[in-house]
1. Determine, for each peptide in 71-84, 162-175, 43-56, the mean count of other beta carbons within 10 angstrom over its residues, then list the peptides with the highest first.
2. Using a Cα-Cα cut-off of under 20 Å, which aspartates and glutamates could be cross-linked to residue 196, ignoring same-chain neighbours fewer than 8 residues away?
3. Report the gain in length on full extension from residue 94 to residue 157: 0.36 nm times residue separation, minus Cα-Cα distance, nm rounded to one decimal.
4. What distance in nm separates the two pseudo spin-label positions at residue 102 and residue 260, each 7 Å out from Cα along the beta-carbon direction?
Amino acid sequence: MTVLVFTLLVFAGSTAAGLLGALTGLGGGVVLVPLLTLAFHVDLRYAIGASLISVIATSSGSAAAYVREGYSNVRIGMFLEIATTLGALLGAFLAARVPTRALAVIFGTVLIYSAWLSWQSAPADTEAKANPWSGRLRLSGSYPGRTGETIEYKADRIPAGFVTMFGAGTLSGLLGIGSGAVKVLAMDRIMRIPFKVSTTTSNFMIGVTAAASAGIYLKRGYIDPGLAAPVLLGVLLGSLVGARLLTRARVAVLRAVFAVVILSLGIEMIAGGWTGKL
């Protein structure tokens, strides 16, 4: 395979990963890292380094559109980024000390969990609740409904969500993913934030989380510009398209397909790590 063909294939795969990441809020890294390691036989740590760069691109490409359209809650995102950034620094520190085989098994487990989360139905949006933490920190907001009405909401169970976000940041730094599955879980299932707000705020947050650990990977030489460039451009293109589609598209079928794909990748990553092929 020539360098040109390799670059074009990586660009195409990254575009698809960015599109799926923007539509689901899970981040393109859950597809990108297995794609690079399993299909293109890239070393896992270099794949993680390129994925971190792509995660920053995903957030940059879709977050601005979501904020402009009134879905992302910037205040909630900035508050929870304190936890994810601290976790990302811990994860990046641990990455150089964890064997590649163990990383592959951990990554596969996260993929299977992400697949399970994608299959779950989002809980119905509930009316805004009175919460002392939400009031003091002003973690409330509104977003446009399907028929143009404004829906109010407030965050609930904030300490539990903050702790979960620390775990999400650790996974991001360790595995080079946006860990959007855990972020969406923390906001949607724990903090009772409406699903669309959780998804879009997750996209807003993943770039800051990834940037916290990308510098450490760069210092250790795990970011190859020749690999990161087509990955970044592809994911950025896919995330821009995904941001336009999310607000008017029904993504139930897409979520089902996405769940099947990453479940397969997760099983293959665990098998490769367990047998020492990665």
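Every number in this text was worked out from the coordinates using simple rules, so none of it is lab data. The structure presented is a predicted model; accordingly, all values stated were derived computationally and were not measured. For neighbour counting, all protein chains shown are included, and Cβ atoms are generated from backbone atoms with ideal geometry for every residue, glycine included.
1. Ranked by mean Cβ neighbours within 10 Å, highest first: 43-56, 162-175, 71-84.
2. Within the straight-line limit of under 20 Å, residue 196 reaches these aspartates and glutamates: 69, 81, 125, 127, 149, 152, 156, 188.
3. 19.8 nm
4. Computed distance between label sites residue 102 and residue 260 equals 3.6 nm.
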